[in-house]
Number of protein chains: 2
Amino acid sequence: MAKQIDDADVFTTTVDVLLANGYAGATTKLIAEAAGINEVTLFRKYGSKAQLVTAALLHERAALEGEKPTEYTGDLAADLLGMVRTYAEAAHRQSGLMMLILSEVARYPELQEAMQVPFMLVSRFGQIVAQYQKEGRLQPGEPLLVVGALLGPVIVNTMLRSAETGLPIPPIDLPVHIERFLHGYAIR
Amino acid sequence: MAKQIDDADVFTTTVDVLLANGYAGATTKLIAEAAGINEVTLFRKYGSKAQLVTAALLHERAALEGEKPTEYTGDLAADLLGMVRTYAEAAHRQSGLMMLILSEVARYPELQEAMQVPFMLVSRFGQIVAQYQKEGRLQPGEPLLVVGALLGPVIVNTMLRSAETGLPIPPIDLPVHIERFLHGYAIR
DNA sequence: GATCTTTGCAAGTAATCACTTGCATTTTAC
DNA sequence: GTAAAATGCAAGTGATTACTTGCAAAGATC
């Protein structure tokens, strides 16, 4: 019956359903059920499925923006580990969002506005890397490529481990990964 | 009208449509149009959409298996570059397939049989890495994690560049990437 | 050439989906 | 307490999809 519906709850639930089912599989019926509200309410409040999904993904971005930002501290190893940990802590959702965006959202023009949601962390890390490069402590080159070398293995590891691929791949050992990364990219 | 239809052509086209549209978006109508055949023929020859898609993905795997395998040569840097090049040459299709499998095929139980298609290269590379580790030329540890460190940045780079992410990310410089990787993981 | 097989065309079925409408109930605001 | 707003329920619409059926034409085989 009539009750107050928390938009944030609906948005979070919407993203959950998207991650589990993809855009086509995230039917408005499924989303409504998962959110514990009536399907017609979704259309009354949000207009259309695309508008709901866009709003939900933008809400996800707002939540990311509200988090404590990863800051440059001057301690290279600690910053790298912090970056990778920030990513790893949100890895399941972040990897899922990244895949959702890259493979599905890109296919639906009506979701265009939500395209940039999962890449803000990457941008921010690029700025931190650039700072260390400026100080001559990391190899020169495109900062985003360096971020790729840092995060790529983590991203792919998370993706592969989240599906039944038949690959016996263990979780990544973050301190070891950072140590190897430092051997490769740090300037001593 | 009646003509000979090449299964291989249909399968390749099917995968093309899957990569462009995803599973839900790859309607049998679209696939038939793209293959230049009648939609009803798809059901006559392959039974159902799921069976067609599974057959197409398995055909993709057979094509991969038929390719010249990347072999251990004893020249570490050349092998690493060869591995990364093998992946990069097929990158657009491989990354697309990987994303398709991880994010979509995993959601449809009827496609279960096709799950392992894009991961054969990864397995093979793991074996080569293990060989170099045995010889004490690469850092010890889980070979697949080392492959992740080698391929992860390439995979993610390809994924990010294939979509409109707003990130100004350039293509990866493979020789530089190998050089940095060697600094990080090779034992001199 | 005759027969069988294959494929195309057209029409159709049942199910599902995003979305709408009408009515009733509950909640909120004044 | 009253009126307005919000939400639920049920039924429904139009479009789309995977898939089927019937007929005819073309290709392959003997």
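The values are calculated or read from the model by the stated rules, or taken from the named source; none is laboratory data. As the structure is a computational prediction, the values presented were derived from the model and not from experiment. Every residue, glycine among them, receives a Cβ derived from its backbone with ideal geometry; neighbour counts consider all protein chains shown. Remember, those area values only see protein heavy atoms, side chains included, never the ligands or the DNA or RNA. Shrake-Rupley method; radii C 1.70, N 1.55, O 1.52, S 1.80 Å.
Filter region B:57-83 down to the residues that are of a type in the set (D, E, K, R) and under 30 Å from B:Gly136 (Cα atoms), then identify the one that is farthest from the chain's Cα centre (by Cα). Result: B:Asp75.
When B:Leu102, B:Leu64 are checked against the criterion of being under 30 Å from B:Ile178 (Cβ atoms) and either crowded, with 20+ Cβ neighbours inside 10 Å or of a type in the set (D, E, K, R) (or both), B:Leu102 stands alone in meeting it.
For region A:106-135, what are the residues that are open to solvent by 80 Å² or more (accessible area, probe 1.4 Å) and not in a helix (DSSP H, G or I)?
A:Gln116 - this is the single residue of region A:106-135 that is open to solvent by 80 Å² or more (accessible area, probe 1.4 Å) and not in a helix (DSSP H, G or I).
Residues in region B:1-33 that are small (Gly, Ala, Ser) and within 13 Å of DNA strand D (Cβ to nearest atom): B:Ala2, B:Gly22, B:Ala24, B:Gly25, B:Ala26, B:Ala32.
Of all the criteria given as (1) more than 12 Å from the chain's Cα centre (by Cα); (2) without any contact (Cβ under 8 Å) to a residue 60 or more places away in the chain, the one not satisfied by A:Thr54 is (2).
Taken as a whole, the condition of being hydroxyl-bearing (Ser, Thr, Tyr) and touching a Ser or Thr at 6+ places or on another chain (Cβ under 7 Å) applies to A:Thr86. Kindly establish whether B:Tyr87 is aromatic (Phe, Trp, Tyr), touching a residue at least 60 places away in the same chain (Cβ under 8 Å) and in contact with a helix residue (DSSP H, G or I) (Cβ under 8 Å, 6 or more places away or on another chain). Yes, satisfied. The set of residues from region B:163-188 being more than 7 Å from every other protein chain (Cβ to nearest Cβ) and in a loop (DSSP other than H, G, I, E, B) comprises B:Pro168, B:Pro171, B:Asp173, B:Ile187, B:Arg188. One residue is enough: does region A:137-147 have a residue meeting the conditions open to solvent by 60 Å² or more (accessible area, probe 1.4 Å), in contact with a Gly (Cβ under 9 Å, 6 or more places away or on another chain) and within 9 Å of chain B (Cβ to nearest Cβ)? Yes: region A:137-147 contains one or more residues that are open to solvent by 60 Å² or more (accessible area, probe 1.4 Å), in contact with a Gly (Cβ under 9 Å, 6 or more places away or on another chain) and within 9 Å of chain B (Cβ to nearest Cβ).
Contact annotation: residue pairs with Cβ atoms under 6 Å, 6 or more positions apart or on different chains, pairing a residue in region A:31-45 that is without any contact (Cβ under 8 Å) to a residue 60 or more places away in the chain and assigned by TED's automatic domain parsing to the domain that holds A:Val10 with a partner that is hydroxyl-bearing (Ser, Thr, Tyr) and within 11 Å of DNA strand C (Cβ to nearest atom), are A:Glu39/A:Thr28; A:Leu42/A:Thr28. The residue that is least open to solvent (accessible area, probe 1.4 Å), counting only those in region A:152-161 that are more than 7 Å from every other protein chain (Cβ to nearest Cβ) and in contact with a helix residue (DSSP H, G or I) (Cβ under 7 Å, 6 or more places away or on another chain), is A:Val154.
Filter region B:39-53 for residues that are hydrophobic (A, V, I, L, M, F, W, C) and either open to solvent by 60 Å² or more (accessible area, probe 1.4 Å) or farther than 12 Å from B:Ile5 by Cα (or both); which is farthest from DNA strand D (Cβ to nearest atom)? Write out each step before concluding.
So in region B:39-53, the residues hydrophobic (A, V, I, L, M, F, W, C) come out as B:40, B:42-43, B:50, B:52-53.
If we keep only those that are either open to solvent by 60 Å² or more (accessible area, probe 1.4 Å) or farther than 12 Å from B:Ile5 by Cα (or both) too, we end up with B:40, B:43, B:50, B:52-53.
On the way: B:Val40: 4, B:Phe43: 4, B:Ala50: 6, B:Leu52: 7, B:Val53: 9 Å.
Ranking the qualifying residues of region B:39-53, first place goes to B:Val53.
Filtering A:Gly36, A:Gly82 for residues that are within 16 Å of DNA strand D (Cβ to nearest atom) and not β-branched (Val, Ile, Thr) leaves a single hit, A:Gly36. Here is the figure for region A:19-58: residues that are within 14 Å of chain B (Cβ to nearest Cβ) and in contact with a Leu (Cβ under 6 Å, 6 or more places away or on another chain) total 1.
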